[in-house]
Amino acid sequence: MVKISYTKLKGSQNMRLRLLLSTLSSTPILIEDIRANATLPGLRPHEVSFLRLLEKISDDCFVEINETGTKLKYKPGIVMGGRHLVHDCGESRAMGYFLEPLIVLALFGKKPLSIKLRGVTNDSKDPSVDTFRSTTLPMLKQFGVSSEGLDLKILSRGVPPHGGGEIILSVPIVQDSLKAITWIDEGMVKRIRGITFSTRVSVQFENTTLHSARGIFNRLLPDVHIFTDHKTGPQAGKSPGYGMSLVAETTSGCFISADNAVYRAQEEDEDGELEDEGKKWLIPPEDLGEQTASALLGEIEQGGVVDSTHQGLLFLLCALCPQDVSKVRVGKLSPYGIQVLRHIKDFLSVKFVIKPDPSTGTVILRCVGCGLKNLSRKLS
Amino acid sequence: LAERASLRQNINLMQLVYGKPASKSLNETLDCIDEEESEDDEFFKPKGEGNKKSKEGTDVNDVDIDDCSKFLNTATKKNWKSEDLIASIRNRFVTGDWSKASLRNQFSE
């Protein structure tokens, strides 16, 4: 028996980030005290589901959870990728939760990945699948990922609480490693695109959302197109809801996004996680449009080449670059972004030089990548 | 003097990210943790959800913090219908003043 030394960690925070970095850096981890003092201790369904997903896409990985689920042992394997995989994400978190780490892992796999995910496509907590398609995937191209084979298809939508959405994600592998970037030119917003969707409700909800969002942008930019995606029948999933995803494209090829979704929460749920939201709609469609549009303008005002949601991913990709200097500009550091920076330092020992740019209120980050190579590709 | 000020801010930001979270003063980038309050809470810490609810969302030091990359900033609460605000970001759009916008990218090392 070979004794494996585990890196010890505590708490349930940033679980997927830890698992992701653990896999990329081949560091076995041991997480203790996972919600040990909570009334419902242990791992949540989405966290278990994410572990199952890791098992599915990698070879020789080892997961051990103790009886109460408060302790987790993870020994990463080799990311294999593969085609025609299927994974059920469950209903406790939206697909965005799974997609964020998954795309990074898939890049460093042995074979290109194509996977069908089932579950919640849009909710208010995680980036929606629309945002993924419009913002996250173009972002990968900046790092030299080929756009061929990089795709996300929405087969059907599903909102909480019952989900029922289906997507197909395809991610190519990087041949050798990513490309270091200097990405500080934010450019100017040249167009705004967006999509509104509705499932199991009247199409009128979409039109109202669309009009109120347009009303905000009209004084700034004429090039605003928001598409509607009204789903009915089996394509609409199992729960009623509506939402919107907006993306601003700049002259230098940056994509800034904002999204939100409205749905009825389950009123009686033993999960204890959901708040009592009653039976009526949380936000009426006019407000949803205005709020999402305002959020987008807020992100634009803040500056940076990505929005605050994508900061973490941006830092991570920079850190995974070859041993070359990457330089990026972001707006205010988001709490999640800071967490990512800390974990990158712990796992990959890449430390960023962070410098504020007072004239614009943005932050410039520089780092030398850890030089991660796609090793799984070479194993045959 | 301006150079020194920017240098200090720089260190603060590095400290903010990499330094020990307990022993630092927070600057404007992260206005969330109320030090005194959290110390009081530490003393009478009920084992349960009650305490967590009040701390949830903003506390970065919570080991069981929700794993969520989406950050809802306060900008949503601003009234983007007002002319002043619209004018303030006018130059970030192609419809604004291009020469002023290009100034943003002249970043001094």
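The values are calculated or read from the model by the stated rules, or taken from the named source; none is laboratory data. The model shown is predicted, which means the values in this text are computed figures rather than measured ones. With ideal geometry, Cβ positions are generated from the backbone for all residues, glycine too; neighbour counts draw on all protein chains shown.
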Cβ contacts < 6 Å: first residue assigned to a helix (DSSP H, G or I), restricted to region B:88-100; second residue surrounded by fewer than 16 Cβ atoms within 10 Å (Cβ to Cβ) and among the small types (Gly, Ala, Ser), any location; separation 6+ or different chain. Result? none
Filter region A:292-302 down to the residues that are closer than 14 Å to A:Arg214 by Cβ and either polar (S, T, N, Q) or at the interface with chain B (Cβ under 8 Å from one of its Cβ atoms) (or both) and list them by number. A:Thr292, A:Ala293, A:Ser294, A:Leu297
Of all residues in region A:12-37 being surrounded by fewer than 17 Cβ atoms within 10 Å (Cβ to Cβ) and more than 21 Å from A:Ile78 (Cβ to Cβ), the one that is nearest to the other protein chains (Cβ to nearest Cβ): A:Asn37
For region A:110-134, enumerate the residues that are closer than 25 Å to A:Leu24 by Cβ, crowded, with 24+ Cβ neighbours inside 10 Å and either in contact with a Pro (Cβ under 8 Å, 6 or more places away or on another chain) or aliphatic (A, V, I, L, M) (or both). A:Leu113, A:Leu117, A:Val129
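Identify, from the list A:Glu100, A:Glu64, A:Glu91, the residue that is on the phi < 0 side of the Ramachandran plot and in the same structural domain as A:Thr7 (by TED's automatic domain parsing). Steps first, please.
Working: A:Glu100 fails: in the same structural domain as A:Thr7 (by TED's automatic domain parsing); A:Glu91 fails: in the same structural domain as A:Thr7 (by TED's automatic domain parsing).
The unique qualifying residue is A:Glu64.
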Of the numbered conditions (1) surrounded by fewer than 19 Cβ atoms within 10 Å (Cβ to Cβ); (2) touching a residue at least 12 places away in the same chain (Cβ under 8 Å); (3) not in a helix (DSSP H, G or I), A:Val48 fails exactly one; give the number of that condition. (3)
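If the requirement is being of a type in the set (S, T, N, Q), within 23 Å of A:Ser22 (Cα to Cα) and at pLDDT below 95, which of these qualifies: A:Asn122, A:Asn66? Reasoning before the result, please.
Values: A:Asn122 fails: within 23 Å of A:Ser22 (Cα to Cα).
Criteria check complete, one pass: A:Asn66.
When the residues of region A:358-378 are filtered to those that are within 11 Å of chain B (Cβ to nearest Cβ) and buried (at least 17 other Cβ atoms within 10 Å of the Cβ), which remaining residue is farthest from A:Asn14 (Cα to Cα)?
Here the residue is A:Thr360.
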Of (1) among the hydrophobic types (A, V, I, L, M, F, W, C); (2) buried (at least 19 other Cβ atoms within 10 Å of the Cβ); (3) out of contact with any Gly (no Cβ under 7 Å at 6 or more places or on another chain), A:Val159 satisfies all except one. Which? (3)
All-but-one check, A:Ser380 against (1) assigned to a loop (DSSP other than H, G, I, E, B); (2) modelled with pLDDT under 90; (3) within 30 Å of B:Glu83 (Cβ to Cβ), failing number (3)
Only unsatisfied item for A:Thr27, checking (1) touching a Leu at 6+ places or on another chain (Cβ under 9 Å); (2) part of a strand (DSSP E or B); (3) farther than 17 Å from A:Ile103 by Cβ, is (2)
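Tally the residues that are basic (Lys, Arg), more than 10 Å from chain B (Cβ to nearest Cβ) and out of contact with any Leu (no Cβ under 8 Å at 6 or more places or on another chain), restricting the search to region A:38-57.
1
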Kindly indicate whether A:Ile78 is among the hydrophobic types (A, V, I, L, M, F, W, C) and under 30 Å from A:Gly164 (Cβ atoms). no
Going through region A:122-133 one residue at a time, which ones are among the hydroxyl-bearing types (Ser, Thr, Tyr) and within 12 Å of the chain's Cα centre (by Cα)? A:Ser128, A:Thr131
Test: residue in region A:197-213 that is buried (at least 18 other Cβ atoms within 10 Å of the Cβ) and aromatic (Phe, Trp, Tyr): yes
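A quick yes/no check of all residues on (1) of a type in the set (S, T, N, Q); (2) more than 8 Å from every other protein chain (Cβ to nearest Cβ); (3) surrounded by fewer than 24 Cβ atoms within 10 Å (Cβ to Cβ); (4) closer than 22 Å to B:Arg104 by Cα:
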| position | (1), (2), (3), (4) |
| --- | --- |
| A:Asp307 | no, yes, no, yes |
| A:Phe315 | no, yes, no, yes |
| A:Gln323 | yes, yes, yes, no |
| A:Lys327 | no, yes, yes, yes |
| A:Val330 | no, yes, no, yes |
| A:Gln339 | yes, no, yes, no |
| A:His343 | no, yes, yes, no |
| A:Phe347 | no, yes, yes, no |
Please go through region A:1-24 and give me each residue that is among the basic types (Lys, Arg) and assigned to a strand (DSSP E or B), ordered by number. A:Lys8, A:Lys10
Looking at region A:362-380, I want the residues that are within 10 Å of A:Leu24 (Cα to Cα) and have a partner that is at pLDDT 90 or above and among the charged types (D, E, K, R) with Cβ atoms under 9 Å, at least 6 apart or on another chain. Which pairs are those? A:Asn374/A:Lys110
Among (1) surrounded by fewer than 18 Cβ atoms within 10 Å (Cβ to Cβ); (2) out of contact with any Phe, Trp or Tyr (no Cβ under 9 Å at 6 or more places or on another chain); (3) assigned to a strand (DSSP E or B), which single condition is A:Lys190 missing? (2)
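Looking at this structure, is A:Arg118 under 26 Å from A:Leu372 (Cβ atoms), touching a strand residue (DSSP E or B) at 6+ places or on another chain (Cβ under 7 Å), outside the structural domain of A:Ser22 (by TED's automatic domain parsing) and without any contact (Cβ under 8 Å) to a residue 60 or more places away in the chain?
On the way: under 26 Å from A:Leu372 (Cβ atoms): no; touching a strand residue (DSSP E or B) at 6+ places or on another chain (Cβ under 7 Å): yes; outside the structural domain of A:Ser22 (by TED's automatic domain parsing): yes; without any contact (Cβ under 8 Å) to a residue 60 or more places away in the chain: yes.
Spelling it out, it is not the case that A:Arg118 is under 26 Å from A:Leu372 (Cβ atoms), touching a strand residue (DSSP E or B) at 6+ places or on another chain (Cβ under 7 Å), outside the structural domain of A:Ser22 (by TED's automatic domain parsing) and without any contact (Cβ under 8 Å) to a residue 60 or more places away in the chain.
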Flagged in region A:145-177 as under 19 Å from the mean Cα position of the chain (by Cα) and over 27 Å from A:Gly90 (Cα atoms), in numbering order, are A:Val145, A:Ser147
